Amino acid sequence: MKKWISDIFYSFPIQLLVLHCRNNLLLIFIWLLLTGLMTGTLGQVFGIKYLFLTPEYLGQVDFWSFSILGLAFGAFFITWNLTAYLLDAQNFPFLATLARPFTKFCLNNFIIPLSFLCVFLYYTIHFQSYGEFWKAKRIFYNCLGFFAGAVSTVLLVAIYFQFTNKDIGAFRKKRRKRMPPNLLKNVAPNRNIDLEEIRSEVKRWRVDTYLTEALRPRLVRSVSHYELRILKKVFRQNHLNALVVQLFSFIILIALGYLIDQPGFRIPAAANILILASVLVAIIGAITYWFDQWKVTVVIGLLLLVNYLTSFDIFSHKNKAYGMNYTAEPAEYSYARLDSFSRPSFVEKDKAATLKVLENWKEKASKTSAGQKPKMVIYCVSGGGLKAAVWAMQVMQQTDSLTQGTLMNQTALITGASGGMVGAAYLREVYLQRAQGETIDVYDQRYIDNISKDLLNSITFTIVANDLFLPWTNFEIDGQKYKKDRGYIFEQQLNENTNNAFTRTVGDYRIIEEQALIPMLFVTPSIVNDGRRMIISPHGVSYMTIAPIGVEKRELLEIDAVDFGRMFAEQGANDMLFSTALRMNATYPYILPNVFLPSEPGVEVMDAGFRDNFGITSATRFIHVFQDWIKENTSGVVLIQISSLDKIEEIYSSDEGGVLETILNPLGIATQIMNLQDYEHDTNLGFIYDILGEDKFNIVRFIYNPGKDNERASLTFHLTKREKENILNSFYLPNNQKSFRRLNEILYPPPTKDQASLPSE
């Protein structure tokens, strides 16, 4: 029994695992990182696991998309083995005596890769079955594609090594030409390898047996009778080939970044992550190989150097608002200038212009109000990735359809954040196309199908293949140059998914909204510099930048928002692409880049959800400003809140946890940003009840709820089939059906007894 255990422990596979655990923790960390991303243990909030479990290529998840993922995994597998071989082969001198030493090294180095593969297969099979409802046959072909790709890469590399790698037999049979001295110097191991020690069999690692290509154990032979020169050549020549393959992986990654505009080259993002992992493994291996005990110092030094270099414009990249003029004199961003834009003269001018829009809205809405003053409908849609986009479209489509197409005619304004605004803006564009004469069914399911298409794959692909190495390709709009990065690819993919629904500029909507063909829409990204909100509209909206009382009594209140159109009038505010405005409003950290506007100092904007994830702040400010007109010209306001988050959440305990949780606990309230907004919004809504009157203001909430037996959809730019169906079905749950009946009663109340007794005309 003891001998059996000893035989296993001193076998080559086990000794390689022990060596990795002692010497190569960073290499093992890469495997753990990939496993965490693939299982959802890491990056769950970003939906990274979907990229691995259902890789997408050209809009499809099939044999070919899994094949590409397999090709990338094969490349990572080979690179990892090459790096391990580069670092550790000298610890196992018997390898130099074997035919095809690298092949045998890979076969015996199977424990970590095989463990990863088993976990991957379990998760992807379960996910495809549970999350996508796919049948066993389709899942089988997908997995077959993965293995076909992985094996293809391994075979290609094996063929390359067959013609380039020489084992000790080849060196002994034929004397080769001496390598040029300079090349020999560059390829030779930087660390001193005591070949006399190797030949005399003073071994760093005891190995008794290894596995052959037939997976049979074989005893290790002595190397003491081999010439030092030949042993050294074997190691050097194998090391050179390792460096060649690693360099090839890096070149592929850079080339893919250059071709991001070509859909055919947008390989599954998970494949790109694996290629990037290959590059990281190669870099870790190179630093360890050349600097050995100085490796930590070198890594820290490189990080500091990168941080210093990227402080210069030539080595840094700031995403821009597409369509705006960055060659013009930057706008002055100062409190004095903000204050000047909220003066009574500007506010009254902008209010008068918006009142014209409201008059046109009233004329249209009155046609469906049966002779009564119309109800003003305001939609407030929450953020939450594609989940929020689909939920917003589903509620708006269904409520308008079930009210015989009258609800959108009564809608004066749409506000909100992030994904919800993307969905609402898309549906608004569909209504505009119908209003302009196109024969389309605005309730067609295909519009929800379009907005639910994946965005995450293209974004992540671009991050890995392009943005990590600084974007270096450009595109032009009206003579202005911008970098192609993940912000660019987001807008490109969004337009591809929606049949180019977002190709207009912000200014293109001015006349359209003025004529009340569609509701007004406020896009409100958050300003990183000072926490204010940026109000993007084709109209002047200075009245939205400060509470009404602050216009006259300026010392009482501070300006809390910026009129984008007025602030950047000279820099082409109205020429900015509307898709860019939506992106600014949905800039989830890390996934999309913050946008830098042409101002001095530079204004940086990001997701609206950090200030107002539900659109309530904008809606209540608008009602407050126009309260007199609303009281006189409408029968009240109906605020429809479409939220992808629960209104009332479970209360969790904070008295459990260790010392680290106790230290960090005072910061815990910062993580409750959505709840904090909710409390403030309820205060604002209560204020609106006071100024309009209880009978003139109603709130109807449609809240996405996954139901009893389903998980809540993730806050990402990817949805599984199960998640999409769950979101659509949520509209038919009792609470949301109750909300719809209440909405119908508010908009179309049953006639009173006196009204019922009147003779019909």
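The values are calculated or read from the model by the stated rules, or taken from the named source; none is laboratory data. Please read these numbers as outputs of a predicted model, since none were measured by experiment. A quick note on method: Cβ atoms are made from the backbone with ideal geometry, for glycine too, and the neighbour counts reach across all protein chains shown. SASA here: full protein model, heavy atoms, side chains in, ligands and nucleic acids out. Shrake-Rupley method; radii C 1.70, N 1.55, O 1.52, S 1.80 Å.
Search the range 320-346 for residues being open to solvent by 70 Å² or more (accessible area, probe 1.4 Å) and part of a loop (DSSP other than H, G, I, E, B), and hand back the single one that is modelled with the lowest pLDDT.
Only one residue tops the list, namely ARG343.
Name, by its number, the condition in (1) modelled with pLDDT of 90 or more; (2) over 19 Å from TYR130 (Cα atoms) that does not hold for LEU758.
The number of the failed condition is (1).
State which residue pairs qualify: first residue part of a helix (DSSP H, G or I) and inside the range 378-405, second residue modelled with pLDDT under 95 and basic (Lys, Arg) in any location, beta carbons under 7 Å apart, and separation of 6 or more residues or different chains.
That search, which allows pairs on different chains as well, returns VAL390/LYS724.
With part of a helix (DSSP H, G or I) and closer than 30 Å to HIS20 by Cα as the only criterion, which of TYR289, TYR308 stands out?
Matching residue, one of TYR289, TYR308: TYR289.
Here are some conditions: (1) assigned to a helix (DSSP H, G or I); (2) surrounded by fewer than 23 Cβ atoms within 10 Å (Cβ to Cβ); (3) under 31 Å from the mean Cα position of the chain (by Cα). LEU42 meets all but one. Which one does it not meet?
(1)
Failed condition for ASP508, given (1) within 32 Å of the chain's Cα centre (by Cα); (2) open to solvent by 10 Å² or more (accessible area, probe 1.4 Å); (3) closer than 15 Å to PHE346 by Cα, with all others met?
Of everything listed in (1) within 32 Å of the chain's Cα centre (by Cα); (2) open to solvent by 10 Å² or more (accessible area, probe 1.4 Å); (3) closer than 15 Å to PHE346 by Cα, ASP508 misses just condition (3).
Only residues in the range 105-123 that are in contact (Cβ under 8 Å) with a residue 12 or more places away in the chain and outside any helix (DSSP H, G or I) count as the first member; pair them with residues that are of a type in the set (S, T, N, Q) and open to solvent by less than 30 Å² (accessible area, probe 1.4 Å), Cβ under 9 angstrom, at least 6 apart or cross-chain, and list the lot.
ASN109/ASN81
Consider LEU592 carefully, then state whether it is over 16 Å from the mean Cα position of the chain (by Cα) and more than 30 Å from GLY686 (Cα to Cα).
no
So GLU725 ticks every box in (1) more than 22 Å from the chain's Cα centre (by Cα); (2) under 28 Å from PHE46 (Cβ atoms); (3) open to solvent by 30 Å² or more (accessible area, probe 1.4 Å) but one. Which box is left unticked?
(1)
So, of the residues in the range 484-505 that are in a helix (DSSP H, G or I) and among the aromatic types (Phe, Trp, Tyr), which turns out to be least open to solvent (accessible area, probe 1.4 Å)?
Applying the first criterion (in a helix (DSSP H, G or I)) to the range 484-505 yields 486-497.
When the remaining residues are screened for being among the aromatic types (Phe, Trp, Tyr), the result is 488, 490.
Working: TYR488: 20, PHE490: 2 Å².
The selected residue is PHE490.
Might you let me know whether the range 24-36 holds any residue that is modelled with pLDDT under 85, of a type in the set (Val, Ile, Thr), more than 26 Å from GLY145 (Cβ to Cβ) and open to solvent by less than 50 Å² (accessible area, probe 1.4 Å)?
No, because not a single residue in the range 24-36 is modelled with pLDDT under 85, of a type in the set (Val, Ile, Thr), more than 26 Å from GLY145 (Cβ to Cβ) and open to solvent by less than 50 Å² (accessible area, probe 1.4 Å).
Yes or no: PRO268 more than 20 Å from the chain's Cα centre (by Cα) and modelled with pLDDT of 80 or more?
So PRO268 fails the test.
Which one is farthest from LEU211 (Cα to Cα) among residues in the range 1-14 that are surrounded by 15 or more Cβ atoms within 10 Å (Cβ to Cβ) and in contact with a strand residue (DSSP E or B) (Cβ under 9 Å, 6 or more places away or on another chain)? Show your work before the answer.
Taking the range 1-14 and keeping what is surrounded by 15 or more Cβ atoms within 10 Å (Cβ to Cβ), we get 10-14.
Now restrict to residues that are in contact with a strand residue (DSSP E or B) (Cβ under 9 Å, 6 or more places away or on another chain): 10-13.
Values: TYR10: 12, SER11: 8, PHE12: 7, PRO13: 8 Å.
If we take residues in the range 1-14 being surrounded by 15 or more Cβ atoms within 10 Å (Cβ to Cβ) and in contact with a strand residue (DSSP E or B) (Cβ under 9 Å, 6 or more places away or on another chain), then TYR10 is farthest from LEU211 (Cα to Cα).
Looking at the range 83-103 only, could you name the residues that are within 21 Å of TRP31 (Cα to Cα) and either in contact with a strand residue (DSSP E or B) (Cβ under 9 Å, 6 or more places away or on another chain) or among the charged types (D, E, K, R) (or both)?
Within the range 83-103, just ASP88 meets the criteria.
Hey, can you tell me all the residues within the range 133-143 that are crowded, with 17+ Cβ neighbours inside 10 Å and outside any helix (DSSP H, G or I)?
Going residue by residue through the range 133-143, those that are crowded, with 17+ Cβ neighbours inside 10 Å are 134, 139, 142-143.
TRP134, the sole residue that qualifies.
Given the conditions (1) in a loop (DSSP other than H, G, I, E, B); (2) at pLDDT below 85; (3) more than 26 Å from the chain's Cα centre (by Cα), which single one is not true for HIS317?
Failing condition for HIS317: (3).
Going through the range 551-571 one residue at a time, which ones are surrounded by 17 or more Cβ atoms within 10 Å (Cβ to Cβ) and closer than 30 Å to ILE688 by Cβ?
VAL551, ILE559, ASP560, ALA561, VAL562, ASP563, PHE564, GLY565, ARG566, MET567
Quick check on the range 744-753. Is at least one of its residues modelled with pLDDT of 70 or more, under 15 Å from VAL390 (Cβ atoms) and either touching a helix residue (DSSP H, G or I) at 6+ places or on another chain (Cβ under 8 Å) or buried (at least 21 other Cβ atoms within 10 Å of the Cβ) (or both)?
Looking through the range 744-753, none of the residues is modelled with pLDDT of 70 or more, under 15 Å from VAL390 (Cβ atoms) and either touching a helix residue (DSSP H, G or I) at 6+ places or on another chain (Cβ under 8 Å) or buried (at least 21 other Cβ atoms within 10 Å of the Cβ) (or both).
Could you list all residues from the range 260-288 that are of a type in the set (Ser, Thr, Tyr) and open to solvent by 10 Å² or more (accessible area, probe 1.4 Å)?
Residue satisfying the conditions is THR288 alone.
Any idea how many residues of the range 74-104 are among the polar types (S, T, N, Q) and in contact with a Cys (Cβ under 9 Å, 6 or more places away or on another chain)?
Of the residues in the range 74-104, 1 are among the polar types (S, T, N, Q) and in contact with a Cys (Cβ under 9 Å, 6 or more places away or on another chain).
Quick one: ILE727 ticks every box in (1) in contact with a helix residue (DSSP H, G or I) (Cβ under 7 Å, 6 or more places away or on another chain); (2) more than 27 Å from ILE746 (Cβ to Cβ); (3) at pLDDT 85 or above except a single one, so which number is it?
(2)
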